[in-house]
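Structure first, commentary second.
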Amino acid sequence: MLVWWRRRQTGPRVGPGRVAPARWHACAVSDSPAYLTPPPSPNHEMLSSFCFCRSATRRLSYPSAARMAAVSTASEAKEPQQPSPVLHIGHMNVENDAVFTTPSILFTRATVITPTGSKTLYAVWALLRPYGTAWPMLKSYSTVAKRLDKFKTTIFTQMSMLAVKHGAINLGQGFPNFDGPDFVKEAAIQAIRDGKNQYARGCGVPDLNSAIVDRFHKDTGLHIDPEKEVTVTSGCTEAIAATMLGLINPGDEVILFAPFYDSYEATLSMADAKIKVITLRPPDFAVSVDELKSAVSKNTRAILINTPHNPTGKMFTRAELEQIASLCIENDVLVFADEVYDKLAFEAEHISIASLPGMYERTVTMNSLGKTFSLTGWKIGWAIAPPHLTWGLRQAHSFLTFSTSTPMQWAASVALRAPDTYYEELKRDYLAKKAILVEGLKAAGFIVYPSSGTYFVMVDHTPFGCENDIDFCEYLIKEVGVVAIPTSVFYLNPEEGKNLVRFTFCKDEETLRAAVERMKERLHKS
Amino acid sequence: MSRAIPSGPGQAANAQARLKAPAIDKMEAKLSKASRALNASPIQEISHLAQRCGAINLAEGFPDFPAPPQVKHAAVAAIAADLNQYRHVQGICDLLAVKMKQNHVLDFDPLTDFVICCGQSEAFAATILATIDQGDEVLIFDPAYETYESCIILAGGIPLELRISQVYVPLDPPYWTLNVDKFMRSFTGRTKAVVLNRSLNEEKIGCIKETNYNSYSPHNPTGKVFSKEELEVIAAACCQMDCLAITDEVYEYITFDTHKHLSIASLPMMKERTIITSSLSKTFSVTGWRIGWACAPTAIASAIRNIHIKITDSAPAPFQEAALAALQSPPEYFSSLKADYVARRDFLIKMLSEVGFQVHNKPQGSVFIFAELPKTCLLCDVSELSPATFPFIDFVKELIEKAGVAAVPGRGFFHGDCNDLTQQSRYVRFAFCKSNDTLSAADQKMRSCVGK
């Protein structure tokens, strides 16, 4: 993916009454070009052969297949040292408020013809170490980045950027636009005032560890040791990273269910694991027992399950979990269970696989505060595992972040002791929101798949005639003014997700209604 | 739990642990080799003992006095103002860019060159994961903060037998000077980076000069800072060998006397190959907030950011807002921070010297004093030293149980036989980032137990 930048006269608004300084402004996203041709001569300028056109509403459309020719700046470009499909190294004007300050960068310049005139856009490919010739640098840059092949800018950031640009209603990113409950916020404020601002114990503030244990007992009936079996982390994201890095050796086989949350693949590649994927298919995204049986073998180290499941909203049934459990016991496989949405279980009962017979000793159960209490930015998560597994993930945790934010941990221990009424109200609220969204999506013409848990709904967008999910999401942003997430990014093989997009309903009701209205009005079936 | 007892942190012990790695039971065999080689932190063990005995804790390096009120207010206001969802507060990067310019005359782009992480710990971990591949060597100066090694092992992708090796360049006591020869000889074709620890000891190149050397970032545990000459040597080596420099500058505002914190990135040709990591924790006495950052040339910063997003996704949101207030503190805040720490340092040095410890060098930075045991102390019986025992934890234990003061055995900061083991086992680390009341109480207790 390439992000295109344009120089603006004044900066974008970044808050009430605040404008950022005039800068390079991201304004378009395109595919990477299939090829690049070097310019015929250093002084020749070529126009890009993009199909870039400006719609009547002054919004840029996105090329579905970009083919670009290299352009070079008129006089400053140097001849490439070796034949290469890549562009010239050029010098950007280093102005006081330009984005790029290192002299040697690799960029593409494109000139866009619009009904109102022309605009010049730049896309930066790589920032090179500014000494010597560029070509060896390119090579070493890619060596550094080898681990990072899976770590490109996330789709969420890209879509959010577009949403802001077009004033679209964001039903893509999975965090609420309403805030957490007052009693939890007050607990955090009190902790800060009480001076609880220094390092907490690495595995968690004892109060929080016991609150987690109590909650887990309520949910599963299991008794666990707060000192030896609970580790507090900076969000469930870190619990996942610590589990992978602490318990997976390079070359280990790990099974994932697609579609999957994007950090699973990334952290597994950090741990150098071999990933095997079992795809969950619409309409009910059930686990195929045959596929499962053929995937699990004596070589399997771990299976990662996420229930309730992001993005499909599926909840693993008891039968499915029992299948998985028996295969794990038979083949001596670990299970990593990501259960962040366990309190958003609507149509079915949430079952923790750790509670099944023979499973606790081989399971890491991960959860967090953020989704249940609408405080996603606090980064309080935890991993529950038997002592021998906890030891491994604690090692990784202590070197990833060392310890977790202290005042928030104190507040979390208050939150987790919330009475059942809190959870019932939470469910009621979300069910109301879900009803608005689901009914709206159906009325607008989507094929809506039933979602039993989480605050996500998966739909099939093919009635609207777009070729794939990314195209559809772009169309949805530009023409309808609503953001959804294309789900092909959640699959190892993107083809499998191209008919599906994900909406979220963790927004206040007014926002949901407005989004639904826009879709009903402006979406046209083809 | 069988692995609860830490094996000695010396290299011999580590090597033994790595080779044996006994699988106590089948499940334990499921741990990754990396995690099995990493040992539990001795500092945390000591803190637990100290807590149990009600001892005064001069072991862990975090303050027992409150954080500055305006910073706490900002955090409280942020929570109340509903700034509690995932966010990236660009303003922090803007302020950091200004500070970089002011303090080091370095130009960084706030939009692309900073990554806000959960503490300097995460910034360092993400940097290592972003730049170190299997087989890369990383030079670390010895004595060093215990986390560096483990981070690098983690990134080495395991197994440990070969792959990533971190090479310790010993600093010579008693002044912890950089021996240029030893340093240059540690470079190999596979050296990818040099880690410049929190604070280091200076060695004047050649002869000993006591006069005003510009200091480098204060070092944990010895409190020494690299002189400009030493930094230039390191910088030249990095440029020549085409290596990265990763710096940990958490104590950047806690430097004393005439020493001013000098970042290696400000030396010629170093900006493009240096990654600076730092945090709010020590400067604003908020070690539990987990707000830190990495500052690097754009391409590397981008790589670090991508890793960070997959490890934690975002630093705690309300504290990012509070960081804005903190980073806008007036210069008086920083000067009084320094003055307070100088007073505490001097107090503790006086106390230790009068009790019989040998403080060879006054720390020029950080919040620790690395002192040698009193000559009369017979607890350090080195002849019975074996990798599994930990003689200096005995001394420290005595100190906790009898004198009621907790400190950290210095041996844990050394690695391997690059330093004389006898030497290594004679050092203890004390922290002085404690309130005046605490330090006075410690003073009383120590004096009453002299000659134990």
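Of the listed pairs A:K218/A:K433; A:K165/A:K498; A:K276/A:K379; B:K260/B:K362; A:K196/B:K72, which have alpha-carbon separations greater than 18 Å here?
Table pairs above 18 Å Cα-Cα are A:K218/A:K433; A:K165/A:K498; A:K276/A:K379.
Sorted from largest to smallest, which semi-axis lengths in Å does the alpha carbon gyration tensor of region A:217-306 give for its equivalent ellipsoid, taking the root of 5 times each eigenvalue?
Equivalent ellipsoid semi-axes, largest first: 24, 18, 14 Å.
Heavy atoms of the protein only, probe of 1.4 Å, neighbouring chains included. What is the accessible area of B:H48 in Å², nearest 10?
For B:H48, the solvent-accessible surface is approximately 70 Å².
Counting Lys and Arg as +1 and Asp and Glu as -1, what is the net charge of the other residues whose Cβ lies under 11 Å from the Cβ of A:L292?
After counting each charged neighbour, the total is -1.
Counting Lys and Arg as +1 and Asp and Glu as -1, each charge on the Cβ, what is the dipole of region A:182-418 about the Cα centre in debye, to the nearest 20?
440
Near A:K525, within a Cβ-to-Cβ distance under 14 Å, what is the net charge of the other residues, with Lys and Arg +1 and Asp and Glu -1?
0
At a probe size of 1.4 Å, how large is the accessible area of B:E45, to the nearest 10 Å²?
70
Plugging the Kirkwood radius over Cα pairs into Stokes-Einstein for region A:182-418, at a temperature of 37 °C and a viscosity of 0.692 mPa s, what D comes out in µm²/s? Walk me through the intermediate numbers first.
On the way: Rh = 17.9 Å.
Once the numbers are plugged in, D ends up at 183 µm²/s.
Assuming R0 = 25 Å, can you tell me the calculated FRET efficiency for the pair B:N179 and B:M241, based on Cβ-Cβ distance, to the nearest 0.05?
0.90
So how strong a dipole does region A:290-337 carry about its Cα centre when Lys and Arg Cβ are +1 and Asp and Glu Cβ are -1, to the nearest 20 debye? Write out the running numbers ahead of the final one.
Values: 5 positive and 6 negative charges, 25 e Å.
Dipole of region A:290-337, to the nearest 20 debye: 120 debye.
With all protein chains present, calculate the accessible area of A:H350 using a 1.4 Å probe and round the result to the nearest 10 Å².
40
Pull up all non-local amide H partners of B:I246: gap of 5 or more, or a different chain, and H-to-H distance under 5 Å with H placed in the peptide plane.
B:V194, B:V195, B:L196, B:I275
Considering the zone a paramagnetic label at A:S160 would reach in this model (a point 7 Å from Cα along the Cα-to-Cβ line), which residues of region B:68-112 have amide N under 11 Å from it?
B:85-90
Simple spin-label model, 7 Å along Cα-to-Cβ: A:N299 to A:F178 in nm?
Reported label-point gap for A:N299 and A:F178 is 5.0 nm.
The values are calculated or read from the model by the stated rules, or taken from the named source; none is laboratory data. Since the structure is predicted, the reported quantities are computational estimates derived from the model, not experimental observations. FYI the Cβ positions are ideal-geometry reconstructions off the backbone, even for glycines, and counts take in every protein chain you see. Side chains are part of the model used for accessible areas, which takes the heavy atoms of the whole protein and leaves out ligands, DNA and RNA. Shrake-Rupley method; radii C 1.70, N 1.55, O 1.52, S 1.80 Å.
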